[in-house]
Amino acid sequence: MRNKAVKTEPTVRSGNGTIRSFSVLCAVVFTTACVKNHAPSVCEDAVPLHKAMPFPLGTCIDLRSLRINQQYRALAEDEFESITPELVFKADRIHPSQFLYDFTGADELVAFCAENNKRLHGHTLVWHEQLPSWIQTFPGNAGEWEALLRDHIQTVVSHFKGKTKAWDVVNEAFNDDGTLRNTVWFRNVGPAYIEKAFRYAAEADPEALLFYNDYSLELNPKKRKAVISFLNNLRMRGVKIDGIGLQMHVNIYFPEPSQVAEALKEVQAAGYLVHLSELDVSLYLKPPLSQISVSQHLLNRQASTAASIIRHYLELPDTLKYGVTFWGVADPHTWLNSRYGVKDYPLLFDDHYQAKPMYMECKKILCE
Ligand code: G3I
């Protein structure tokens, strides 16, 4: 059995303990929550968090776990509205050799999304990691590299046309100092590869929303300002860029809430859709890490961190709230476990697939 929510009754309690009707609460305090026309029972135990949130709550999905793990699958079905493929849309999986596209795994995940009425967020078209070796060692000249880039983007986007709501077109193209990262794409196509990538994607599916996705944008103003200014320049040149994905691989110590607020304000001011695209809240400060024991204190701190991020996100205009995606369904499946060689606990559900304090605290935002 899963723990699901915070309240056992459909009424809600104000801070001073008096019970108010849900409609009064909506009118006065949480207008954003109510514009989606939530049922008054939003705070009941059985109502999943994503139904209470006035934006799509998502997770990344590892197809292998979805196939073999029933608890994982049940959470994916019940608790999230938006799905980002963790691996199966990446170039090494989908484009294993120059003249072969293999959509087998990706199509299986697309079918899961269609059957379960999930929004599918395509991740990712252009990245310097998870490249098949044939791309890493491709000997072509600039024109041939450009043709490769175009062929990859347009074949993949066309294949999923009408099935993906959006794409992370370019992922992690900037260094921390705000300069462009020296990737295979940068070296072989030139700095214009980002503009070209967005143009190719828009040609292949004019309806899809197109995102630039990166990490540390909430922490590092220099990088964030460089990204926004670069994208603004492209937009002025007529390139379609709809949104920015702030990955939000955070921990219980950083960023400060004010840093999140500032980052969101800047992206909002520039007029981009905002996707918190890979949210996880590590219990560790930074590497090198030594294994910690998880405690209620740490889990409560994690809950406050996540709730604070969600609160700031709720302050965005509804029109810019593309959604918040956790980078994994439950703690056993986080990428952080293998990345740093210590067990971490950064997600909404624990090792037993039970909702954690972070889940309860996020739900409370709309129920207190
Ligand atoms: O499946 C193979 C397995 O056969 C092999 O034995 C094993 C040996 O290392 O590797 C397995 O593949 C690993 C794969 O995850 C599945 O676990 C890859 O090595 C490993 O690199 C891969 O890591 C993924 C990483 O992206 C690279 O694709 C993580 O799961 C995934 O969470 C992570 O996600 C990225 C986002 O796409 C972009 N932003 C950062 C984020 C975290 O790194």
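Data table
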| quantity | calculated |
| --- | --- |
| Residues satisfying the stated conditions in the stretch 326-339, i.e. of a type outside the set (A, V, I, L, M), away from the ligand (no atom under 11 Å from the Cβ) and surrounded by 22 or more Cβ atoms within 10 Å (Cβ to Cβ) | F326, D331 |
| Selection within the stretch 163-182 - among the polar types (S, T, N, Q), crowded, with 18+ Cβ neighbours inside 10 Å and either free of Cβ contacts under 8 Å to residues at least 24 places away in the same chain or not in a strand (DSSP E or B) (or both) | T164 |
| Among (1) small (G, A, S); (2) over 25 Å from T59 (Cβ atoms); (3) crowded, with 19+ Cβ neighbours inside 10 Å, the one test that G238 misses | (3) |
| Filter result for the condition that a residue is under 22 Å from W335 (Cα atoms) and more than 14 Å from the ligand (Cβ to nearest atom), over L87, L131, L100, L109 | L109 |
| Residue check for S304: more than 15 Å from the chain's Cα centre (by Cα) and surrounded by fewer than 17 Cβ atoms within 10 Å (Cβ to Cβ) | yes |
| Positions within the stretch 226-285 being closer than 15 Å to L316 by Cβ and basic (K, R), in sequence order | K265 |
| Cβ pairs under 9 Å, 6+ apart, first in the stretch 226-247 and under 15 Å from D176 (Cα atoms) and in contact (Cβ under 8 Å) with a residue 40 or more places away in the chain, second small (G, A, S) and part of a helix (DSSP H, G or I) | I228/A269 |
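Per-residue answers, yes or no, for (1) within 16 Å of the ligand (Cβ to nearest atom); (2) small (G, A, S); (3) in a loop (DSSP other than H, G, I, E, B):
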{"residue": "A114", "(1), (2), (3)": "no, yes, no"}
{"residue": "H121", "(1), (2), (3)": "yes, no, no"}
{"residue": "L125", "(1), (2), (3)": "yes, no, no"}
{"residue": "I135", "(1), (2), (3)": "yes, no, no"}
{"residue": "F138", "(1), (2), (3)": "no, no, yes"}
{"residue": "G143", "(1), (2), (3)": "no, yes, no"}
{"residue": "L148", "(1), (2), (3)": "no, no, no"}
{"residue": "S158", "(1), (2), (3)": "no, yes, no"}
{"residue": "K161", "(1), (2), (3)": "no, no, yes"}
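Here, each number is a calculation from the coordinates, and none is a lab measurement. This is a predicted model, so every value here is computed, not measured. Note: ideal-geometry Cβ built from the backbone for every residue, glycine included; neighbour counts use all protein chains shown.
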